[in-house]
Structure formats: structure tokens, C-alpha cells
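Here the structure is laid out as C-alpha cells; the discussion comes afterwards.
Nothing in this text is a laboratory measurement; each read-out follows from the coordinates by a stated rule. The model shown is predicted, which means the values in this text are computed figures rather than measured ones. Methodologically, a virtual Cβ is constructed for each residue, glycine included, from the backbone with ideal geometry; neighbour enumeration extends over all protein chains shown.
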């Protein structure tokens with residue numbers, strides 16, 4: 001697969017066209033996870049660009065988690081196509097949100113649609129192990145005197161665990177990316193609330209409503225209370241109202 005034909009790109013092109021060429025190979029199925037890319041010198045020759053352009057393109061792809069580089073010599077050395085980890089997707093989305101490439105209202109609306117679907121699927125698919133992971137996060141938030149930071153982290157993990165219980169890896173990764181991108185703004189917003197502990201209690205009551213609906217397999221209720229919870233939190237946290 002890694003020996004697939006490479007078409008030269010315009011010599012005046014930047015490293016972005018090298019990325020495009022690699023992306024085309026991945027989309028076409030000529031390159032998959034674990035495949036070895038041609039050596040830097042060979043790839044530059046195949047694409048008709050400088051080694052500097054190839055090097056820069058590979059640096060960008062590695063930062064995105066698309067490729068991984070292994071030094072040394074032998075079978076394990078070189079640059080390989082990697083499965084893009086959730087951490088890389090989270091970092092990418094978090095930076096875009098921070099740079100306001102996506103407005104918070106767009107992020108919240110996307111979160112509503114995504115998490116409603118996750119809750120519905122979790123209500124029909126979640127097994128005992130998946131429910132135990134969700135309950136573990138509820139237990140943390142139920143702990144008397146739990147810190148705001150610990151509550152916020154468990155809150156994030158609670159929503160991600162529901163997406164994982166849905167049995168859809170893409171839902172899980174997207175939910176993790178979106179919810180983690182909101183971790184900072186949510187944490188900062190809590191400090192603008194008159195009574196953070198009271199708000200935490202109300203949010204936790206809603207978390208239990210979501211969990212009860214999932215356990216009971218009540219799909220419509222799971223979707224309804226999930227949306228109500230997200231919109232309530234958005235309205236109560238000043239920093240999430242809109243940018």
C-alpha cells in the first residue's frame with residue numbers, strides 16, 4: 001500500500017500540497033493505519049518538491065496525530081500513518097474554540113444534538129460495564145465537599161462516558177473533544193456565579209435524571225433531559241451565554 005504511485009505536485013506549491021497529496025492517498029485507501037510513508041528524500045522526489053516542504057508537512061501531520069515518526073534504523077524506523085487519537089482531535093478543536101473560529105453558541109448547539117443522540121443510544125445499548133463508568137463519575141460529583149475542579153472534571157468524564165456507552169466511537173471522540181474544549185470556559189464561568197455549590201447541586205440532580213432515564217431505557221426522556229441540562233447550564237454560566 002505504501003508503494004502506491006505518487007503524482008508530482010507543482011514545484012511552487014507549499015507544504016500544504018504535500019499534506020494534500022498524503023491526504024488523497026489516505027482517502028483513496030492506498031494508505032492506512034500502520035503503513036510506512038516513503039523516506040523523506042524519496043517522497044520529495046516523487047512529489048517534485050523540496051525536502052524542506054516534506055519535512056514541514058510531516059511535522060504538521062505528526063502534531064495532528066495523523067503520522068508518527070520513529071527514529072533509528074531497521075523495520076521499526078520511519079514515518080507511519082497513525083490512528084488519530086482523541087487527544088489530538090481534542091487539542092485541535094480546543095484551539096479553534098479558543099481562537100473563536102467556532103462561536104460558543106455553535107459549539108453548544110452541536111453539543112446538544114450530539115449528546116441527545118448519545119443518550120438515546122446509551123439508553124438502548126449500554127451494558128453493565130458502561131453504566132458502571134458513568135456511575136463512577138456521578139459518585140465523584142456526589143461526594144460531600146467535592147471541589148469545583150474535581151466536579152468539573154467528573155462532569156466532563158460523565159458526558160464522555162455516556163457517549164462511550166452509546167457504542168459509537170466517533171460520538172465518543174467528538175463529545176470528548178467538544179466537552180474538553182469547554183472545560184476551561186465552564187470552570188471560569190463557575191467563579192462568576194453567586195453560589196457555585198448551589199448550581200453544582202442542581203446540575204448534579206439533572207445528571208441523575210439523565211442516568212435514570214438511560215438505565216430505564218427511556219430514550220425520549222433521555223434526549224429531553226439531556227437537552228434541558230445542557231441549555232440550563234449554558235444559561236446559568238455567564239461565560240457560556242455567547243461570545
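This structure gives Cα extents along the principal axes in Å, computed directly, and of [x] 54, 34, 33; [y] 63, 38, 32; [z] 62, 40, 26 that value is listed as [y].
222 nm [θ] for the chain, helices only, -39500 (n - 2.57) per DSSP H run of 4+, per residue, to 500?
Values: 11 runs with 162 residues, N = 243.
When only DSSP H runs of four or more count, the value is -21500 deg cm²/dmol.
Using mean Cβ contacts within 10 Å as the protection proxy, how do 172-181, 216-225 order, highest first? Numbers along the way, then the final one.
Numbers: 172-181: 22.1, 216-225: 17.2.
Listed from highest to lowest mean packing, they are 172-181, 216-225.
Computed from Cα positions, the angle between helix 169-181 and the longest principal axis of the chain comes to roughly 70 degrees. Largest first and in whole Å, the equivalent-ellipsoid semi-axes of the stretch 15-81 read 16, 15, 12, each the square root of five times a Cα gyration tensor eigenvalue. Normalised Debye scattering of the stretch 131-243 at q = 0.16, 0.22 Å⁻¹ gives log10 I(q)/I(0) of -0.72, -1.40, counting only Cα atoms as equal scatterers and leaving out solvent. Computed from Cα atoms, the angle from the helix 104-125 axis to the main principal axis of the chain rounds to 80 degrees.
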